[in-house]
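Some notes on the structure that comes next.
Please treat every number below as a calculation from the coordinates, not as lab data. These numbers come from a predicted model, not from an experiment. Note that we place each Cβ from the backbone using ideal geometry, even for glycine, and neighbour counts take in every protein chain shown.
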Amino acid sequence: MKWSSLGVKLAGLAAGVLLVGMLGSTASAVYPPPTGSVSMSTSSTTPAAGTSVSISTTVLNQFGSPAFSLSCTFQVLSQPGSDAVVDAGPKVTDDNGVASTTLNVGTAAGTIVVGANCGEMSGQVSVTVQGASGAPTLRLPPTGTGPAETAPIWLIVLATGLLCVVAGSSLRIAARRARGS
């Protein structure tokens, strides 16, 4: 009887250790389970204003295989102006899980974010629109009428210098008169 009570005690101790081990361990699960992924790319990440870019959306299922025949819609999520437009679709993914559309970037420089919704999955891509190249065109207002030809620049500089010398001399003469000398 002594051995049987020891056996019961050991069995109880083993069950307790097993129970503590089960309660002490952590389990994790993702809910809802992942349904796949959406990745997006563009033909250019820095297009010029007024141009268009192609956007490719690759959709993979939860096993990493291409998700074909899936409907995707597109939308401009943010833009610096108001005239950027994306072909919203719906576009259907091909055998490689790719659906493509076109973005007209509009005329405003800055970042445009385009989103795609493909089934329960979504993705985003951004492009940074570059402004017009070079310096902006400077337009001066009309100044009226005048002679068709102007004096050469060296003559203008010479005349300005002479005026400064004459004005300086006049000031010295006026100062001497004021002192009485």
**Message:** Under the √(5λ) rule applied to the eigenvalues of the Cα gyration tensor, what semi-axes describe the equivalent ellipsoid of region 36-129? Give them in Å, descending.
**Reply:** 25, 11, 11
**Complete:** Note, GLN75: beta-carbon cut-off 13 Å, +1 each Lys/Arg, -1 each Asp/Glu, net 0
**Message:** Show me the ranking of peptides 114-123, 40-49 by mean Cβ neighbours inside 10 Å, starting with the highest.
**Reply:** 114-123, 40-49
**Prompt:** Residue-wise, which Karplus ³J(HN,Hα) couplings in Hz belong to region 48-58, taking 6.51 cos²θ - 1.76 cosθ + 1.60, θ = phi - 60°, and x for glycine or proline?
**Reply:** 7, 4, x, 10, 10, 10, 8, 10, 10, 10, 9
**Complete:** Computed from the beta carbon distance with a Förster radius of 22 Å, FRET efficiency for SER37 and THR128 to the nearest 0.05 stands at 0.35
**Item:** Burial ranking of peptide ranges 75-87, 100-112 (average Cβ count within 10 Å, highest at the top)
**Value:** 100-112, 75-87
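Give, in nm to one decimal, the length gained when the segment between ARG176 and SER52 is fully stretched (0.36 nm per residue of separation minus the Cα-Cα distance).
37.2 nm
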